[in-house]
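For reference, the structure discussed in these notes is given below.
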């Protein structure tokens with residue numbers, strides 16, 4: 001716990017503000033670059049069809065209670081019978097998504113582009129910050145923290161006597177990187193915020209497995225307990241009317 | 001705080017057992033998005049205010065809680081105090097976007113505080 005450090009105003013004018021502005025501008029640039037690079041490939045008809053079937057089955061499951069039991073049973077058989085139901089995936093025909101990816105180079109290419117558009121600007125910015133602004137205190141967070149945060153906030157300064165709430169410029173970069181996400185979702189719209197998470201999902205899962213979601217939907221449809229809502233609706237209407245009248 | 005998605009949800013608790021949850025998922029999602037936007041926006045504004053006023057330590061976080069509480073009240077007022085016809089449960093209005101807003105709040109708080117007070 002040393003006494004307060006006096007920071008040069010030049011640090012504010014030439015490090016703190018430029019760094020934040022550059023981070024925001026790079027975020028915007030990245031958004032537009034990835035938008036330009038996104039190849040609008042024609043989606044595979046089979047995949048679209050499977051997705052639509054899943055959506056239809058989900059709608060049926062959600063609205064099951066609004067149709068008579070007979071109609072519901074007919075629809076369920078249409079979706080999930082074992083011979084030619086729409087949700088039924090024959091064994092062995094389920095395609096491995098990894099194999100699918102290798103057979104289709106476009107998919108891998110697209111994913112690589114997406115990853116590159118994320119990694120390259122980050123690496124460049126980090127190198128820029130490291131080269132110009134390394135090794136001094138740039139900011140101070142307005143609340144006290146424990147010693148554990150030292151490695152997080154004073155990345156690049158090896159002094160154990162400086163108070164933990166002083167932030168080195170490299171760590172200010174990291175704070176910006178994580179904290180500006182909210183601002184980006186405000187100025188660039190929802191698309192940007194979801195894009196990152198989707199990218200994460202794609203990186204971990206390598207696309208989604210259509211046959212798996214089909215069979216999951218089939219199981220869900222099979223265990224639906226049907227209970228027709230219409231007989232009770234008279235009582236419900238009666239209650240509403242009574243409340244209106246009374 | 002545009003309550004553009006008026007969901008046709010009738011999740012009102014009636015006295016009988018016949019309360020079927022009838023939600024329109026898209027409308028519900030749109031409402032959630034409105035909550036997220038208003039929270040993010042207000043946490044950024046709150047952070048700048050806290051920084052300019054020079055709050056440090058606990059007072060800043062108290063300001064954050066106050067801002068979030070005001071947001072919740074505003075959202076509930078926007079929903080004309082019938083939360084259940086717009087959202088499926090109370091926690092959505094009160095807790096959603098709380099943690100993600102905190103990060104933006106801390107960043108802008110630090111930024112404004114440093115610019116105004118430190119140098």
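What is the number of the single condition among (1) free of Cβ contacts under 8 Å to residues at least 40 places away in the same chain; (2) within 13 Å of another protein chain (Cβ to nearest Cβ); (3) surrounded by 14 or more Cβ atoms within 10 Å (Cβ to Cβ) that residue B:58 does not meet?
(3)
Of the numbered conditions (1) more than 28 Å from residue A:189 (Cα to Cα); (2) touching a helix residue (DSSP H, G or I) at 6+ places or on another chain (Cβ under 6 Å); (3) at pLDDT below 80, residue A:34 satisfies every one except a single condition; which is it?
Condition not satisfied by residue A:34: (1).
Report yes if residue B:50 is surrounded by fewer than 21 Cβ atoms within 10 Å (Cβ to Cβ), within 11 Å of another protein chain (Cβ to nearest Cβ) and more than 11 Å from the chain's Cα centre (by Cα), otherwise no. Spell out the reasoning first.
Numbers: surrounded by fewer than 21 Cβ atoms within 10 Å (Cβ to Cβ): no; within 11 Å of another protein chain (Cβ to nearest Cβ): yes; more than 11 Å from the chain's Cα centre (by Cα): yes.
When the stated conditions are applied, residue B:50 does not pass them.
Search segment A:146-183 for residues being part of a strand (DSSP E or B) and without any contact (Cβ under 8 Å) to a residue 60 or more places away in the chain, and hand back the single one that is farthest from the other protein chains (Cβ to nearest Cβ). Quick ask: steps written out before the conclusion?
Keep residues of segment A:146-183 that are part of a strand (DSSP E or B), which gives A:166-168.
With without any contact (Cβ under 8 Å) to a residue 60 or more places away in the chain added as a condition, the list becomes A:167-168.
On the way: A:167: 8, A:168: 13 Å.
Checked segment A:146-183; the qualifying residue farthest from the other protein chains (Cβ to nearest Cβ) is A:168.
So residue B:78 ticks every box in (1) within 16 Å of the chain's Cα centre (by Cα); (2) modelled with pLDDT of 90 or more but one. Which box is left unticked?
Exception for residue B:78: condition (2).
Looking only at segment B:82-119, which residues are surrounded by fewer than 19 Cβ atoms within 10 Å (Cβ to Cβ), away from chain A (no Cβ under 14 Å) and within 15 Å of the chain's Cα centre (by Cα)?
Hits for segment B:82-119 are B:83, B:89, B:90, B:91, B:92, B:94, B:95.
The values are calculated or read from the model by the stated rules, or taken from the named source; none is laboratory data. Bear in mind that the values here come from a model prediction, so they are computed numbers and not experimental data. Here Cβ is always computed from backbone atoms with ideal geometry, including for glycine, and neighbour counts include all displayed protein chains.
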